[in-house]
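Engineer: Before I ask anything, here is the structure I am working with.
The values are calculated or read from the model by the stated rules, or taken from the named source; none is laboratory data. No experiment lies behind these values; they were computed from the predicted model shown. Note: ideal-geometry Cβ built from the backbone for every residue, glycine included; neighbour counts use all protein chains shown. Quick note on the areas: whole protein, heavy atoms, side chains included, nothing else; ligands and nucleic acids left out. Shrake-Rupley method; radii C 1.70, N 1.55, O 1.52, S 1.80 Å.
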Amino acid sequence: MRAAVFHGAGDIRVEEITAPGTPRAGEVLVRPLWCGICGTDLHEYAQGPIVIPREPHPLTGACGSQILGHEFSAEVVEVGEGVTAVRPGERVSVMPLLSCGHCYFCRRGLNHLCRTMAAVGLSYQWGGIADLAIVPAVNVTALPDGVSDLQGAVVEPGAVAAYGVDTARVRPGDNVLITGAGPIGALASLYAASLGANVFVSEVNPVRAALVRSFDVGVVLDPTAVDVPGWLRDRTDGIGVDAVIECSGNERALQAAIASVRSAGRISQTGLHTKAAAIDPMVISEHDITISGTWCFPVTDWPRIIDLIDRGRYPVEKVVTAQIALEDVVAQGFDTLLSPTGDQVKVLVHAGS
């Protein structure tokens, strides 16, 4: 079968590999349908291995070359012994996080913080940019007829964005700033709007800004042309926004978030910083500001996110800007997304044969 396999920085190959065999008890064999290329995948391609383990992973034993893909929908081909929640022929969305189930955090329902957490497509034998994959049955959720194969592949980033917005406790009528309109920021704008928030998005990249403008969910600002904190305070009687979802992962955006939020406001740090950022703790204290980090998503959130998509409240498909074939995953996927002149925001790969 074909798969997109990571071998090292700058080295992803579409190659023929041995197909998985029969699923064991509690597992399902699936045929991936669509799979998204995530920012984590891009970091691995550019600088990896980072998350992909160099030594056998303590939970999965995975090591070395890795089949990529952790944002995917699939069709169930075969189920292992004891699997009753899904059946062959059903379409599913895959929740990629794998947890031990017995560490301090897992016992408290915080499986996304498991001390030995792994992920399908990053630290596990199989991944979603392939013709076939085996995943635990507990990691798949059936898709209703109203949710397309493509939408099913965007549940994962949709869950990341929703967790960021929920962590900031966004309510109807809140003024919400989203810094950064990459895939997560764009999805956060859709989710915050679905909650009834007044949405403002700060984005310097014209392609990303144009995409969010096409959603018609709020105001998009260019931080190189507008003093975003000042602009927002001018329009909120000098108060500032109720919440900020920081999705860019850079120092200037975090500083802008602190300058934009009102006293007793909330900032959700959703974008991942690759280096330290300087902030003024006194401002946080003086204004009683809450800054909360987020990591992935609650592993139980798949049914809720899928239901929101099914009811038309969370149109996640709007962030998809390109759909490509598996054999084009490097040239039209990874290379395009990493190019300074790239014209895509979210690329989905037609994963299965």
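Engineer: Name the one entry in VAL165, VAL201, VAL212 that is β-branched (Val, Ile, Thr) and closer than 17 Å to LEU308 by Cβ. Walk me through it before giving the result.
Structural biologist: On the way: VAL201 fails: closer than 17 Å to LEU308 by Cβ; VAL212 fails: closer than 17 Å to LEU308 by Cβ.
Of the residues listed, the single one that is β-branched (Val, Ile, Thr) and closer than 17 Å to LEU308 by Cβ is VAL165.
Engineer: Report the residue count in segment 304-353 for those that are in contact with a Cys (Cβ under 8 Å, 6 or more places away or on another chain) and closer than 16 Å to ARG13 by Cα.
Structural biologist: Going through segment 304-353, the residues in contact with a Cys (Cβ under 8 Å, 6 or more places away or on another chain) turn out to be 348-349, 351.
Right, trim to closer than 16 Å to ARG13 by Cα and you get 349, 351.
Residues in segment 304-353 being in contact with a Cys (Cβ under 8 Å, 6 or more places away or on another chain) and closer than 16 Å to ARG13 by Cα: 2 in total.
Engineer: Please specify each residue of segment 196-218 satisfying the condition of being open to solvent by 40 Å² or more (accessible area, probe 1.4 Å) and of a type in the set (A, V, I, L, M).
Structural biologist: From segment 196-218, those open to solvent by 40 Å² or more (accessible area, probe 1.4 Å) are 198, 204-208, 210, 213-214, 216, 218; that's our starting set.
Residues satisfying the conditions are VAL204, VAL207, ALA210.
Engineer: Take residues that are acidic (Asp, Glu) and under 20 Å from GLN125 (Cβ atoms) and tell me which of the strands (runs of 3 or more DSSP E) falling wholly in segment 1-94 contain 3 or more.
Structural biologist: On the way: elements: 2-8, 11-16, 27-36, 71-79, 91-94.
By residue number, 11-16, 71-79.
Engineer: What do you reckon, is GLU327 charged (D, E, K, R), touching a strand residue (DSSP E or B) at 6+ places or on another chain (Cβ under 7 Å) and either in a helix (DSSP H, G or I) or under 30 Å from ARG115 (Cα atoms) (or both)?
Structural biologist: Values: charged (D, E, K, R): yes; touching a strand residue (DSSP E or B) at 6+ places or on another chain (Cβ under 7 Å): yes; either in a helix (DSSP H, G or I) or under 30 Å from ARG115 (Cα atoms) (or both): yes.
Against the criterion (charged (D, E, K, R), touching a strand residue (DSSP E or B) at 6+ places or on another chain (Cβ under 7 Å) and either in a helix (DSSP H, G or I) or under 30 Å from ARG115 (Cα atoms) (or both)), GLU327 qualifies.
Engineer: Right, something else. Among the residues of segment 219-252 satisfying the criterion of being among the aliphatic types (A, V, I, L, M) and open to solvent by 40 Å² or more (accessible area, probe 1.4 Å), which is nearest to the chain's Cα centre (by Cα)? Lay out the reasoning, then the answer.
Structural biologist: Here is the first cut: in segment 219-252, the residues among the aliphatic types (A, V, I, L, M) are 219-221, 225-226, 228, 232, 239, 241, 243-245.
Okay, now just the ones that are also open to solvent by 40 Å² or more (accessible area, probe 1.4 Å), so 219, 225-226, 239.
On the way: VAL219: 23, ALA225: 29, VAL226: 28, ILE239: 31 Å.
Among those that are among the aliphatic types (A, V, I, L, M) and open to solvent by 40 Å² or more (accessible area, probe 1.4 Å), it is VAL219.
Engineer: Test each condition in (1) touching a Leu at 6+ places or on another chain (Cβ under 6 Å); (2) of a type outside the set (Asp, Glu); (3) open to solvent by less than 10 Å² (accessible area, probe 1.4 Å) for ILE134 and report the one that comes out false.
Structural biologist: (3)
Engineer: Pairs please, first residue from segment 214-229 and under 16 Å from ASN198 (Cα atoms), second anywhere and at pLDDT 95 or above and of a type in the set (Phe, Trp, Tyr), Cβ atoms under 6 Å, 6+ apart in sequence or on different chains.
Structural biologist: From residues that are under 16 Å from ASN198 (Cα atoms), the pairs are GLY218/PHE200; VAL219/PHE200.
Engineer: Taking segment 261-279 on its own, how many of its residues are more than 25 Å from ALA159 (Cα to Cα) and either among the acidic types (Asp, Glu) or open to solvent by less than 10 Å² (accessible area, probe 1.4 Å) (or both)? Talk me through it step by step, then tell me what you get.
Structural biologist: At the first step, the residues of segment 261-279 found to be more than 25 Å from ALA159 (Cα to Cα) are 262-264, 276-279.
From what's left, either among the acidic types (Asp, Glu) or open to solvent by less than 10 Å² (accessible area, probe 1.4 Å) (or both): none.
Looking only at that region, the number is 0.
Engineer: Considering every residue within segment 31-44, establish whether at least one is among the hydrophobic types (A, V, I, L, M, F, W, C), modelled with pLDDT of 95 or more, out of contact with any Pro (no Cβ under 8 Å at 6 or more places or on another chain) and more than 22 Å from ARG2 (Cβ to Cβ). Even if it seems obvious, please write down each step before you answer.
Structural biologist: Residues of segment 31-44 among the hydrophobic types (A, V, I, L, M, F, W, C): 33-35, 37-38, 42.
Subset that is modelled with pLDDT of 95 or more: 33-35, 37-38, 42.
Adding the requirement that they be out of contact with any Pro (no Cβ under 8 Å at 6 or more places or on another chain) leaves 33-35, 37, 42.
Then keep just the ones that are more than 22 Å from ARG2 (Cβ to Cβ); that gives none.
No, every residue in segment 31-44 fails to be among the hydrophobic types (A, V, I, L, M, F, W, C), modelled with pLDDT of 95 or more, out of contact with any Pro (no Cβ under 8 Å at 6 or more places or on another chain) and more than 22 Å from ARG2 (Cβ to Cβ).
Engineer: Quick check on segment 248-270: of everything there that is assigned to a loop (DSSP other than H, G, I, E, B) and either without any contact (Cβ under 8 Å) to a residue 12 or more places away in the chain or out of contact with any strand residue (DSSP E or B) (no Cβ under 6 Å at 6 or more places or on another chain) (or both), which residue is farthest from VAL170 (Cα to Cα)? Outline the logic, then answer.
Structural biologist: The initial filter retains those residues of segment 248-270 that are assigned to a loop (DSSP other than H, G, I, E, B), namely 248-250, 270.
Now narrow it down to the ones that are either without any contact (Cβ under 8 Å) to a residue 12 or more places away in the chain or out of contact with any strand residue (DSSP E or B) (no Cβ under 6 Å at 6 or more places or on another chain) (or both): 249-250.
Working: GLY249: 20, ASN250: 22 Å.
Out of the qualifying residues, it is ASN250.
Engineer: Determine, yes or no, whether GLY312 is at pLDDT 95 or above, open to solvent by less than 30 Å² (accessible area, probe 1.4 Å), among the small types (Gly, Ala, Ser) and more than 30 Å from VAL5 (Cα to Cα). Give the steps one after another, and end with the answer.
Structural biologist: Working: at pLDDT 95 or above: yes; open to solvent by less than 30 Å² (accessible area, probe 1.4 Å): no; among the small types (Gly, Ala, Ser): yes; more than 30 Å from VAL5 (Cα to Cα): yes.
No; evaluated as a whole, the condition is false for this residue.
Engineer: Still on this structure, please answer the following. From the list PRO32, PRO20, which residue is surrounded by 15 or more Cβ atoms within 10 Å (Cβ to Cβ) and under 19 Å from the mean Cα position of the chain (by Cα)? Steps first, please.
Structural biologist: Working: PRO20 fails: under 19 Å from the mean Cα position of the chain (by Cα).
Only one candidate passes the filter, namely PRO32.
Engineer: Of all residues in segment 67-106, which are hydrophobic (A, V, I, L, M, F, W, C) and closer than 10 Å to ALA142 by Cα?
Structural biologist: So the first thing to find is which residues in segment 67-106 are hydrophobic (A, V, I, L, M, F, W, C), and the list is 67-68, 72, 74, 76-77, 79, 83, 85-86, 92, 94-95, 97-98, 100, 103, 105-106.
Within segment 67-106, ALA74, VAL76, ALA85, VAL86, VAL92, VAL94 qualify.
Engineer: State the number of residues belonging to segment 315-341 that are open to solvent by less than 20 Å² (accessible area, probe 1.4 Å), touching a helix residue (DSSP H, G or I) at 6+ places or on another chain (Cβ under 6 Å) and touching a residue at least 40 places away in the same chain (Cβ under 8 Å).
Structural biologist: Residues flagged as open to solvent by less than 20 Å² (accessible area, probe 1.4 Å), touching a helix residue (DSSP H, G or I) at 6+ places or on another chain (Cβ under 6 Å) and touching a residue at least 40 places away in the same chain (Cβ under 8 Å) within segment 315-341 amount to 3.
Engineer: Now a separate question. Among the residues of segment 280-301, which ones are crowded, with 20+ Cβ neighbours inside 10 Å and within 22 Å of VAL347 (Cβ to Cβ)?
Structural biologist: If the condition is that a residue be crowded, with 20+ Cβ neighbours inside 10 Å and within 22 Å of VAL347 (Cβ to Cβ), then PHE297 is the only one that fits.
Engineer: Right, something else. Identify, please: which residue in segment 50-96 is among the basic types (Lys, Arg) and under 24 Å from the mean Cα position of the chain (by Cα) and is, among those, surrounded by the most Cβ atoms within 10 Å (Cβ to Cβ)?
Structural biologist: Keep residues of segment 50-96 that are among the basic types (Lys, Arg), which gives 54, 87, 91.
Still in the list and also under 24 Å from the mean Cα position of the chain (by Cα): 54, 91.
On the way: ARG54: 10, ARG91: 21.
Among those residues, the one meeting the criterion is ARG91.
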